[in-house]
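Working notes for the structure below.
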Amino acid sequence: MRESGCKGCSASVRLKQSEVDRILADYLRENPAPLVSDVTYADRLRVCRDCSQLQYGTTCSHCGCLVQVMAKLRDKHCPAPQAPAW
Ligand code: SF4
C-alpha cells in the first residue's frame, strides 16, 4: 500500500491546506454550530501540532477526525481518553 494512501479507498490521506479549508467550510455550511474564537482555535491547533497522536498533520489518531475541523467547534474536545489536551 502507498504510504500516503487511505486503507479504505484510493484517496490520499495527505491534504493540502486548500483542501482542509474547503472541508471545514463545507462542514460548517452543512452543520451550523457554535464556534470557538480565533485565539482558541489557534491554541487548540498548536497543541495538536505538538501531539504524538496527530497523523499527516491533520488527523487525530484517537478519533480519525480532522483536527482543523474538530478544533473549530466549541462543543468538541480533544478525545484523548486519559488526559484530553483541550
Ligand atoms: S485532538 Fe488531542 S489527541 Fe488528537 S491530535 Fe489533538 S491534542 Fe492530540
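Any read-out appearing in this document is the output of simple, stated calculations on the displayed coordinates, not a laboratory observation. Just so it is clear, the structure is predicted and the values come from calculations on it, not from any experiment. Every residue, glycine among them, receives a Cβ derived from its backbone with ideal geometry; neighbour counts consider all protein chains shown.
Would you please name the residue that is nearest to Leu35 (Cα to Cα), looking only at residues in the range 62-86 that are within 9 Å of the ligand (Cβ to nearest atom) and assigned to a helix (DSSP H, G or I)? Step by step, filter the range 62-86, then rank; the result is Met70. Within the range 59-74, residues that are closer than 21 Å to Ser12 by Cβ reach partners that are assigned to a helix (DSSP H, G or I) with beta carbons closer than 6 Å, at six or more positions or on different chains, in the pairs Cys60/Val67; Val67/Cys48; Gln68/Val20; Gln68/Leu24; Val69/Leu24; Val69/Tyr27. Restricting attention to the range 40-56, the residues being surrounded by 15 or more Cβ atoms within 10 Å (Cβ to Cβ) and not in a helix (DSSP H, G or I) number 3.
Is it the case that the range 12-22 has a residue that's out of contact with any helix residue (DSSP H, G or I) (no Cβ under 6 Å at 6 or more places or on another chain), more than 16 Å from the ligand (Cβ to nearest atom), in a loop (DSSP other than H, G, I, E, B) and hydrophobic (A, V, I, L, M, F, W, C)? Scanning the range 12-22 turns up no residue that is out of contact with any helix residue (DSSP H, G or I) (no Cβ under 6 Å at 6 or more places or on another chain), more than 16 Å from the ligand (Cβ to nearest atom), in a loop (DSSP other than H, G, I, E, B) and hydrophobic (A, V, I, L, M, F, W, C).
Screening Pro34 against (1) over 11 Å from the mean Cα position of the chain (by Cα); (2) within 16 Å of the ligand (Cβ to nearest atom); (3) of a type outside the set (A, V, I, L, M, F, W, C) leaves a single unmet condition, (2).
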